[in-house]
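The values are calculated or read from the model by the stated rules, or taken from the named source; none is laboratory data. Source: prediction; values computed, not measured. Methodologically, a virtual Cβ is constructed for each residue, glycine included, from the backbone with ideal geometry; neighbour enumeration extends over all protein chains shown.
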Amino acid sequence: MSKKARNSEGCSIDMTPMIDVVFQMIIFFIVTITIVEARDKEVMLEYGPNGELIKKDPKISVLVIDVGPTGRITLNNSLLGDAQLASIVRRRTETRPDFQVWVRGDYRTRHSHIKHVMDICTANGVGRIHVISVADPRTPATRSSFNSRGIKWR
């Protein structure tokens, strides 16, 4: 039997689409990590084990506003004044009227500061506001924060 001569040229795989996908994934993860970490580090949430459990719905836009112990208002680690917050909320209600506001207030924040932020939001068309607390301290940092405040959990 005779053997057929094989083509001496090797086969090649085009790696361009693979590299494109890898770069897209890297960009996605960098943006996602930045968004997740864009919270005010000074804000230590209150322990609220009996509140309503809120899960983020990917179809609904959420604006997370941090209120520090002194009443300082931040959004994505940017300090805001009342007029700036009102402008941002007004623009958001114009583009996405079904969006929600989540207020992350520090446990030391006076209620009047939280109410002030809520008043700005409702005056600019927000229909749904949630005040965020921690139901179950799962991370060691949260547990140590609660322990230092003398809060008994489970």
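Hey, any hits in the stretch 61-82 for a residue that's closer than 14 Å to residue 128 by Cα, at pLDDT below 90, assigned to a loop (DSSP other than H, G, I, E, B) and of a type in the set (A, V, I, L, M)? No, every residue in the stretch 61-82 fails to be closer than 14 Å to residue 128 by Cα, at pLDDT below 90, assigned to a loop (DSSP other than H, G, I, E, B) and of a type in the set (A, V, I, L, M). Here is the figure for the stretch 117-154: residues that are at pLDDT below 70 and aliphatic (A, V, I, L, M) total 3.
For the subset of the stretch 52-70 comprising residues that are among the hydrophobic types (A, V, I, L, M, F, W, C) and more than 12 Å from the chain's Cα centre (by Cα), which member is farthest from residue 123 (Cα to Cα)? By that ranking, first place goes to 53. Does residue 104 satisfy the condition of being touching a Gly at 6+ places or on another chain (Cβ under 8 Å), surrounded by 13 or more Cβ atoms within 10 Å (Cβ to Cβ) and not hydrophobic (A, V, I, L, M, F, W, C)? Considered against the rule, which asks whether it is touching a Gly at 6+ places or on another chain (Cβ under 8 Å), surrounded by 13 or more Cβ atoms within 10 Å (Cβ to Cβ) and not hydrophobic (A, V, I, L, M, F, W, C), residue 104 comes out as no.
Here the stretch 20-42 is the region considered, the condition is being part of a loop (DSSP other than H, G, I, E, B) and exposed (fewer than 11 other Cβ atoms within 10 Å of the Cβ), and the residue that is modelled with the highest pLDDT is 41.
Identify, from the list 56, 3, the residue that is of a type in the set (D, E, K, R), at pLDDT 70 or above and assigned to a loop (DSSP other than H, G, I, E, B). Spell out how you get there, then give the answer.
Working: 3 fails: at pLDDT 70 or above.
Residue meeting the stated conditions: 56.
Scanning the stretch 71-93 for residues being in contact (Cβ under 8 Å) with a residue 12 or more places away in the chain, more than 14 Å from residue 120 (Cα to Cα) and loosely packed, with under 15 Cβ neighbours inside 10 Å gives a total of 1. Tell me whether the stretch 96-115 contains one or more residues that are assigned to a helix (DSSP H, G or I), in contact with a Leu (Cβ under 6 Å, 6 or more places away or on another chain) and over 15 Å from residue 43 (Cβ atoms). No - not one qualifying residue is present in the stretch 96-115. The single condition among (1) under 27 Å from residue 148 (Cβ atoms); (2) at pLDDT 80 or above; (3) of a type in the set (Ser, Thr, Tyr) that residue 47 does not satisfy is (2). Taking the stretch 107-122 as the range and being crowded, with 17+ Cβ neighbours inside 10 Å, over 11 Å from residue 66 (Cα atoms) and hydroxyl-bearing (Ser, Thr, Tyr) as the test, only 107 passes.
Here residue 127 clears all of (1) in a helix (DSSP H, G or I); (2) exposed (fewer than 15 other Cβ atoms within 10 Å of the Cβ) except the condition numbered (1).
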